[in-house]
Amino acid sequence: MIAIIDYDAGNIRSVGNALSRLGAEYELTADPARILAAEKVILPGVGNAAEAMARLRDSGLCELIKSLRRPVLGICVGMQLMCRDSEEGPVQCLGLFDAHVKRFRETPEAKVPHMGWNALGNLDSKLFKGLKGGSFVYFVHSYYPELCPDTIATCRHGEQLFSAALKYENFYGTQFHPEKSGSVGAAILQNFLAL
Amino acid sequence: MVAKRIIPCLDVKDGQVVKGINFEGLREVGDAVGMGVQYARDGADELVYLDISASREGRHTFAGLVERIALGIDIPFTVGGGISTLDDAARLLDAGADKISVNSAAIADPTLISRIADKYGSQFVVVAIDAKCIAGRWTCTTHGGSRLTELELFAWAREAQERGAGEILFTSMDHDGTRAGYADAVYARLSEELTIPVIASGGAGSIEDIRRVLTEGRADAALAASIFHYGQIPIPQLKKALLEAGVNVRM
């Protein structure tokens, strides 16, 4: 069973839909016992990081998430909440990944939000098993995690190279949306399920 | 660099995909979910589903359809047609749509754009604009091109951006259905004046038309319907040709 953490983080149906397409069973839950019992945990998130962090704190799940020893995957803002802090607020986050989250600087070549399909580089994790550098995934975000020792994939928007994915021990995060990234995204989710 | 997007547009009436030729003589071409799955497999980057049902039952059918589309396809999709309130938008987002597009209702009440954007974020809001060139002035229309407004295209597009639109989907009513190419110069000017992405719609007849609007026309995405639905231009072939022509597309 996969637990998708339900902390009122906006439209998270698509993550569940993607798991259904892969034949995986999941439940949306904020129940600590269910989250602890799950084989894998997904922390989704859309919208404003400071507001999402406030809701996650209200849910009382922060310490529980940090204590998990099974694979955890943060997606988009869910991943940003697993970083050290975010300029969006600014807000202190969970500090699982040693990365600051910063805002893109708008240039004629780099519109903000960074929205659409972009290529991954420097793939360095079992999460990307079977995938080649240059594989395209779908992004929708205005803030990005900087490069850091936890970076396991990069992406370039205009001049800015940033972390497209992070990993620290059993914690994984993708700035892109694997659930909306076609066959490449399905492969990444499948790899996560196989961890 | 963000790839240029290819977007098949599916007009849906009572759950079935239809394509109007100049908005008349509607013709069914297939199952909405099945066609979406096939397009996603073929390499479409995104899909747009437009509800053209006129009745309440038709609208109800559409919301149910959006749930099935969300379950079936693994690429982003936008839904539009008849969204006139924040509640309409909320219902479709809850059903699983990634973005919604507003058109006539946003012209009638421009605060609709900001209300949806404030609640759900700009990335959820596509403002669709249908315009035609009248005596040298690009004039916005509503209700499928049947009613002229006072609004000028570029001014309205800028206002939509200021109010929180995440993208502009501009259809030239002069080009739509002609298969003689997009209004390239108009897209180039929109791209120049706006900071948000511009989706080109109306007039695609060949691979070259699409290449031109994505390069000279500087559009971020090219939308088309009939050339895809009737198999005239298979998407894998289109993408290969664009890549060979130096356009950054997702393969």
For chain B, rounded, prolate or oblate, judged on the Cα gyration tensor with a ≥ b ≥ c (square roots of eigenvalues), a/c < 1.5 rounded, else prolate if a/b > b/c? rounded
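Of all DSSP beta bridges in the range A:60-195, what percent run antiparallel (nearest 5)?
So the antiparallel bridges in the range A:60-195 amount to around 80 percent.
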Name the helices (complete DSSP H segments) of chain A with a Cα length along the long axis of 30 Å or more and a Kyte-Doolittle mean of at least -0.5, or state none. none
The lysines whose Cα lies under 20 Å from the Cα of B:Lys119, excluding any fewer than 8 residues away in the same chain, are B:Lys99
What is the ratio of the Cα radius of gyration of the range A:24-99 to 2.2 N^0.38 Å, with N the residue count, to two decimals? 1.05
Could you run the Debye sum over the Cα atoms of the range B:137-204, one equal point scatterer each and no solvent, and tell me log10 of I(q)/I(0) at q = 0.23 Å⁻¹, two decimals? -1.07
Pairwise label distance in nanometres, A:Asp31 with A:Glu106, each label 7 Å out on the Cα-Cβ vector: 4.6
Determine the distance separating the Cα centre of the range B:48-104 from the Cα centre of the range A:163-195; give it in Å without decimals. 28
Evaluate the distance, in nm, between pseudo-label points positioned 7 Å from the Cα of B:Arg41 and of B:Thr215 along their respective Cα→Cβ axes. 3.2
In terms of Cα to Cα distance under 19 Å, which aspartates and glutamates are near enough to A:Lys40, apart from those fewer than 8 places away along the same chain? A:Asp6, A:Glu25, A:Glu27, A:Asp31, A:Glu63, A:Glu169, A:Glu179
Percent of alpha carbon pairs in the range B:92-212 separated by more than 23 Å? 29
Which helices of chain B meet both criteria: a Cα extent of 18 Å or more along the helical axis and a mean Kyte-Doolittle score no lower than -0.5, with helices taken as whole DSSP H segments? B:56-72
Lys, Arg +1 and Asp, Glu -1 on Cβ, resulting dipole of chain A about Cα centre, debye, nearest 20: 460
State whether the range A:44-195 is rounded, prolate or oblate according to the following rule on the C-alpha gyration tensor (a ≥ b ≥ c being the square roots of its eigenvalues): a/c under 1.5 gives rounded; otherwise a/b larger than b/c gives prolate, and the remaining case gives oblate. oblate
The whole-number value in µm²/s of the Stokes-Einstein translational diffusion coefficient for the protein assembly as shown, with Rh from the Kirkwood sum over alpha carbon pairs at 10 °C and 1.306 mPa s, is 72
State the number of lysine pairs found in the range A:83-195 whose Cα atoms come within less than 25 Å, restricting to pairs 8 or more positions apart or on distinct chains. 11
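No value in this document is a laboratory result; all are computed from the given coordinates. Model, not experiment: these values are computed from the prediction. As a convention, Cβ positions derive from the backbone with ideal geometry for all residues, glycine included, and neighbour counts pool all protein chains shown.
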